[in-house]
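Report on the structure given below.
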Amino acid sequence: MSERREIPVDGLMFPEGPRWHDGALWFSDQLGGAVRRLVDGSASAGAGDEVAVVARLEHPSGLGFLPDGSLLVASMSDRRILRIAGEQVSVHADLSDRAKHLNDAYVDEHGRVYVDAYASGWRAGELLLVDERGEVSVAAAEVDYPNGVAITPDGSTLLVSETFGACVSAFDVGPDGRLSNRRVWAALPDRAPDGLCLDGEGAAWVACFRSGEFLRVREGGEVTDRLTVDGRWAMACALGGEDGRTLFLCSAETDGDAYYRGESVGHLEAVRVDVAGVCRP
């Protein structure tokens, strides 16, 4: 694993939802009200960083891409999935009657969207499924504060972080996108798992906001690698770069009270790792 480096992003407050797609890193600045794109493919090698603003939105979070290349964004406060195509922003799905706020999201190869939804209270949550026709259903209920979401490359298994359940849970994915056979994939006591991404050996890099660390975890809970961000929240991560071996780390200097006041200093870092990512961008 190589030395980490900071990627400078002017005014970054709270980076979330990173995705590698079409030769670039895309991410939300949740408190900064913007979706951004790291446009220079050489950035993972440490040269020529350039970060562009894709769209100005209020509280954007999870990102994903439809098969046609359109970007989907989970808009937290107005509880909608927004579609961005070029400079056009439209509503892909209105979930305002289903949740108090949204968070992370994952778009599969069929264009189905899995999105974290919270009704009330810190420990209440569920995964909603927006299918190809735009129909909304509950994919998983009583999830203990759902966060990072990913699906294995063969499309058979969905992983979701249960932040206050201190675990990553797994589900079988049916042909219609429905979830079944819920089980604990990895217990992470005292870690508060947040965003995650998968690599080619079937392990997951998991951001753990409470402990300020990024862990590489195997099914069953074995931790093989650990990166710390002392004094910060660790929110999300993504594997990308030309060979898939650049791990992008999203963290922030904040706390619970400061976050709700909109006060935070965000950090985006990159580090080279041994195993490339495999997750659909």
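The values are calculated or read from the model by the stated rules, or taken from the named source; none is laboratory data. In this text, all values refer to a predicted model and were calculated from it rather than measured experimentally. Cβ sites come from the backbone with ideal geometry, for glycine too, and all protein chains shown count toward neighbours.
Applying the criterion of at least 1 residues that are touching a His at 6+ places or on another chain (Cβ under 8 Å) and at pLDDT 95 or above to the strands (runs of 3 or more DSSP E) found wholly in segment 102-145 leaves 113-118, 126-130. Scanning segment 201-237 for residues that are part of a strand (DSSP E or B), aliphatic (A, V, I, L, M), under 21 Å from Thr157 (Cα atoms) and under 17 Å from the mean Cα position of the chain (by Cα) yields a count of 6. Thr224 meets the conditions (1) more than 18 Å from Leu268 (Cα to Cα); (2) crowded, with 19+ Cβ neighbours inside 10 Å; (3) touching a strand residue (DSSP E or B) at 6+ places or on another chain (Cβ under 7 Å); (4) not charged (D, E, K, R) in every case but one. The failed one is (2). Within segment 63-95, the set of residues being modelled with pLDDT of 95 or more, among the polar types (S, T, N, Q) and either surrounded by 17 or more Cβ atoms within 10 Å (Cβ to Cβ) or in a loop (DSSP other than H, G, I, E, B) (or both) comprises Ser70, Ser75.
Restricting to segment 238-271, give me the number of residues that are surrounded by fewer than 17 Cβ atoms within 10 Å (Cβ to Cβ) and within 19 Å of the chain's Cα centre (by Cα). Qualifying residue count, segment 238-271: 3. If you filter segment 141-154 down to residues that are out of contact with any strand residue (DSSP E or B) (no Cβ under 6 Å at 6 or more places or on another chain) and surrounded by fewer than 16 Cβ atoms within 10 Å (Cβ to Cβ), you find that the one that is farthest from Asp194 (Cα to Cα) is Asp154.
Residues Gly177, Gly202: which one is surrounded by fewer than 22 Cβ atoms within 10 Å (Cβ to Cβ), within 19 Å of Val107 (Cβ to Cβ) and touching a residue at least 40 places away in the same chain (Cβ under 8 Å)?
Being surrounded by fewer than 22 Cβ atoms within 10 Å (Cβ to Cβ), within 19 Å of Val107 (Cβ to Cβ) and touching a residue at least 40 places away in the same chain (Cβ under 8 Å) holds for just one of Gly177, Gly202, which is Gly177.
Condition test on Thr224, is it of a type in the set (S, T, N, Q), modelled with pLDDT of 95 or more and under 30 Å from Arg37 (Cβ atoms)? No.
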